[in-house]
Amino acid sequence: MSGRRDFIRAMLALSATSAAGASTLGLVGCSLNKRPTAFKTGVVLDPLFLEHTMDDHPENAKRLIAIDNELEKRGLWQKLIPIGSRKATEEELLWVHTKGYIDEIAGISEYGGGYFNPYLGDTYLTSVSFEAAKMAAGSAIEMNLAVYDRKIDNGFGLLRPPGHHALESKAMGFCLFNSDVIAAKALQKYRGVERVAILDFDVHHGNGTQDLTINDPSIMALSIHQHPFWPMTGGTEWVGEGEAKGTNVNCPFPPEAGDKTYLDVYDEVIAPKLAEFKPQHIIVFAGYDAHWQDPLAQHRVTVDGFNKLVQKIKNTADTLCGGRVALSLGGGYNLEPLAHSVAGTFEVLLGEPLHPDVMGKSSLPEMVYQEEIMALKKYFFET
């Protein structure tokens with residue numbers, strides 16, 4: 001394949017309708033019988049994820065096109081296993097969102113789109129956005145079920161629109177439906193999973209994921225993010241409520257945090273908290289906007305740093321839950337580092353040799369927040 005034309009052609013050519021009415025997406029060149037990779041890694045994608053777009057908005061379809069081009073350049077598409085995409089049902093959306101909110105999103109799309117909150121002006125809808133958001137949520141369910149059922153070892157959903165800022169009855173931060181929380185609920189309801197962890201390394205705190213799980217002791221929400229920073233949530237004091245106390249873990253850092261901070265806080269706080277919780281499945285909201293070249297944040301993580309972080313997450317999943325880990329696409333708004341970071345993540349998941357980090361490091365030094373990490377460690381394990 002080359003470029004967007006063949007990318008879309010590949011998706012449409014292998015798209016079919018299942019007995020349940022869900023669309024099934026395949027990728028050209030996928031061979032399930034002769035696979036040169038160590039792990040079976042799934043990918044989920046749908047043409048609707050490209051149709052939800054606004055060219056002058058940072059969260060647009062060009063992000064997927066850049067990822068497609070880099071995956072093609074590295075020869076990764078043929079090594080991935082396609083996972084069927086489908087739209088979430090209203091019943092599934094109601095696990096997390098209110099009926100009034102679902103109808104509001106449907107209505108804005110039906111009348112041609114617009115901004116959910118025109119005064120804020122950050123979260124847009126087009127005439128297809130309601131359908132795309134349902135497709136993202138349903139596809140997240142299918143990806144996580146495929147991983148849990150061991151049809152694949154791990155997977156990555158290239159979902160749009162994203163979800164981690166979506167609240168029970170409010171869209172914000174480019175997000176419409178909280179696909180990760182919906183997928184966690186699906187694992188519980190369809191497979192009887194007792195403990196699910198949602199780990200978020202997007203540079204912006206996942207306030208929606210926190211709010212939707214803050215009272216649920218069966219879902220652990222963990223986040224590494226810039227703070228204080230939009231959406232001005234994610235302080236360490238939010239640890240969960242009632243029986244869920246201890247199942248919300250925020251690791252906030254000021255600007256200029258980089259690879260060492262992210263990797264060290266994972267080792268010192270995130271991994272031990274996961275071991276304490278003993279999840280049976282791990283969902284990851286994989287945002288790459290902590291990269292040093294990203295225009296919407298001020299952290300200084302490198303592509304190599306993301307690769308190492310994903311490897312650590314994968315190792316944790318191998319140890320705690322039989323390797324059951326599924327990712328969904330979060331932020332990342334500079335197209336080149338986004339594409340390289342996502343491709344690197346796929347290489348880690350596949351067990352492939354890693355391409356060198358051609359983006360390199362920032363010319364400015366990263367701040368090392370070791371004292372802050374030690375304070376987090378004391379806070380979460382000694383209080």
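The values are calculated or read from the model by the stated rules, or taken from the named source; none is laboratory data. Since we're looking at a predicted model, the values are computed, not measured. Cβ coordinates were reconstructed from backbone atoms using ideal geometry, including for glycine residues, and neighbour counts include every protein chain displayed.
Looking only at region 82-115, residues that are within 18 Å of residue 52 (Cβ to Cβ) and either under 22 Å from the mean Cα position of the chain (by Cα) or among the acidic types (Asp, Glu) (or both) come to 10 in all.
Counting only residues that are farther than 23 Å from residue 186 by Cα, touching a Phe, Trp or Tyr at 6+ places or on another chain (Cβ under 8 Å), touching a residue at least 12 places away in the same chain (Cβ under 8 Å) and not aromatic (Phe, Trp, Tyr), region 105-145 holds 7 of them. Just one of the listed residues (219, 214, 198) is over 21 Å from residue 122 (Cα atoms), touching a residue at least 40 places away in the same chain (Cβ under 8 Å) and among the β-branched types (Val, Ile, Thr), namely 198. Mind checking which residues of region 201-233 are in contact with a Ser or Thr (Cβ under 6 Å, 6 or more places away or on another chain) and in a loop (DSSP other than H, G, I, E, B)? Hits for region 201-233 are 205, 206, 217. Just to be sure, is residue 155 under 23 Å from residue 100 (Cβ atoms), crowded, with 24+ Cβ neighbours inside 10 Å, in contact with a strand residue (DSSP E or B) (Cβ under 8 Å, 6 or more places away or on another chain) and touching a residue at least 12 places away in the same chain (Cβ under 8 Å)? So residue 155 does not fit the description; no. Of 254, 231, all but one fail to be under 20 Å from the mean Cα position of the chain (by Cα) and surrounded by fewer than 17 Cβ atoms within 10 Å (Cβ to Cβ); the exception is 231. Identify, from the list 311, 370, the residue that is more than 21 Å from residue 45 (Cα to Cα) and touching a residue at least 60 places away in the same chain (Cβ under 8 Å). Every option except 370 fails the conditions.
Conditions (1) surrounded by 17 or more Cβ atoms within 10 Å (Cβ to Cβ); (2) among the small types (Gly, Ala, Ser); (3) farther than 30 Å from residue 127 by Cα; (4) modelled with pLDDT of 95 or more, marked per residue:
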{"site": "7", "(1), (2), (3), (4)": "yes, no, no, no"}
{"site": "38", "(1), (2), (3), (4)": "no, yes, yes, no"}
{"site": "64", "(1), (2), (3), (4)": "yes, no, no, yes"}
{"site": "71", "(1), (2), (3), (4)": "yes, no, no, yes"}
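Within the bounds of region 331-338, is there any residue that is of a type in the set (Gly, Ala, Ser), free of Cβ contacts under 8 Å to residues at least 40 places away in the same chain and out of contact with any strand residue (DSSP E or B) (no Cβ under 6 Å at 6 or more places or on another chain)? Among the residues of region 331-338, not one is of a type in the set (Gly, Ala, Ser), free of Cβ contacts under 8 Å to residues at least 40 places away in the same chain and out of contact with any strand residue (DSSP E or B) (no Cβ under 6 Å at 6 or more places or on another chain), which makes the answer no.
Is there any pair linking a residue in region 249-262 that is within 16 Å of residue 309 (Cα to Cα) to one that is part of a loop (DSSP other than H, G, I, E, B) and of a type in the set (Phe, Trp, Tyr), with Cβ under 6 Å and at least six apart or on different chains, and which? Note: pairs meeting the criteria are 257/369; 261/369.
For residue 263, the conditions (1) touching a strand residue (DSSP E or B) at 6+ places or on another chain (Cβ under 8 Å); (2) hydrophobic (A, V, I, L, M, F, W, C); (3) part of a helix (DSSP H, G or I) are fulfilled apart from (1).
Can you name the residue in region 368-383 that is of a type in the set (Ser, Thr, Tyr) and surrounded by fewer than 20 Cβ atoms within 10 Å (Cβ to Cβ) and, of all such residues, is modelled with the lowest pLDDT? For region 368-383, the residue satisfying everything is 383.
Take residue 187 and decide whether it is part of a helix (DSSP H, G or I) and surrounded by fewer than 21 Cβ atoms within 10 Å (Cβ to Cβ). Against the criterion (part of a helix (DSSP H, G or I) and surrounded by fewer than 21 Cβ atoms within 10 Å (Cβ to Cβ)), residue 187 does not qualify.
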